[in-house]
Amino acid sequence: MTRPGLSGGVLIGLFGVLIGVLLTVSACAVAAPSTPTGQRLPTRAVSPTATPTITPIPARAYYREGVRRQAAGDAVAAVRSFTWAITVEPDFAPAYVARGQAYLALGDYQAAAADGARALRLDPDCAQAYVLRGEALRRQALYRQSLESFARAVELAPDLAPATFPSRWQAALALRDGPTLSALSREYALAHPDDPLRDYYRGWAFIEMGQPDVAISILAKRIAESEHPPALLWFVLGMAYQSEQAWTEAVVSLEAARNLVQAGDGSLAVHSSRPVAELFAALGRAYLGAGRCVDAERMLEYAIRSGAPAWRHEDALQAARLCQTPTPTPSPTPPAG
């Protein structure tokens, strides 16, 4: 009889009404027996007992309950509550956005994108719906459409720019879209002029724009001026040196990043969801370029075990193994005769 996702107070109220209805029905049945033959009927009609009306629970009550469930980390219950809100009021756009956010938490990205699309059909200027759609598309690796959706969200509500920046950066990073990365790096620098990580964004944008020498200049200066430069800056400096095929410098920079990560520096998470795998893959390639084939093989194998895609590093791993195999010396040809 009860709908899922109701708060305790709403349930108690609803049960109270239902119990009242049941009691009234029972009382009516008792108060209206069949009239025995031979008795006079009453001259005045008995006033009927009023039957209380069950007040429908409004969509916003389910919505508020869903928000509470979601804040408590119960995405499954939140989806139920938001679904009831939508059932009661199918045109309630915020419920679609909120349910889509719960679907994101559950990893159902297609359902999240669908709810974002429904919300936008109801309210084409809903910035939060564009954010939901952008994030759902990003997690489905539809990066270009994701960036378009985020751009529309920020256009409608500029105050969403800081909150959506990490997702916009990750989408542009996956596309290796140099111009977009460059624009985002400028956006970050304007918003955070004193944050040393702004040089990570600038440096990586220059790498993707085909200007690693500019990245090296920026990052080397920042590292020299910083008392404790984060691993992320060393990592990007190493990648810039790799782009220039300056293998010795790349190894030194990436080893510095590795030492900091092993000491607990978590800054590489800004760049990658698999920071350890990406760092060790980069270090393995740098070792290979520097001719340290045994170290290259070990690093690349470790990177793959840590989650780096094997197919992406197969050629480098094979090269690291081959360069350890000595070239056979041809046997001398015996003289004729």
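Some points to look at:
- Hey, MET239 surrounded by fewer than 17 Cβ atoms within 10 Å (Cβ to Cβ), touching a helix residue (DSSP H, G or I) at 6+ places or on another chain (Cβ under 7 Å) and either more than 26 Å from ALA129 (Cα to Cα) or at pLDDT 95 or above (or both) or not: no
- Meets criteria (small (Gly, Ala, Ser) and in contact (Cβ under 8 Å) with a residue 12 or more places away in the chain) for SER217: no
- Of all residues in region 67-77, those satisfying the criterion of being among the hydrophobic types (A, V, I, L, M, F, W, C) and either without any contact (Cβ under 8 Å) to a residue 60 or more places away in the chain or not in a helix (DSSP H, G or I) (or both) are VAL67, ALA71, ALA72, ALA75, VAL76.
- Checked against the criterion of being charged (D, E, K, R) and more than 23 Å from ILE86 (Cα to Cα), region 120-140 has at least one qualifying residue.
- Some residue of region 219-242 being charged (D, E, K, R) and in contact with a Gly (Cβ under 9 Å, 6 or more places away or on another chain): yes
The values are calculated or read from the model by the stated rules, or taken from the named source; none is laboratory data. This one's a predicted model, so the numbers in the text were calculated from it and none came from an experiment. We place every Cβ from the backbone using ideal geometry, glycine too, and count neighbours over all the protein chains shown.
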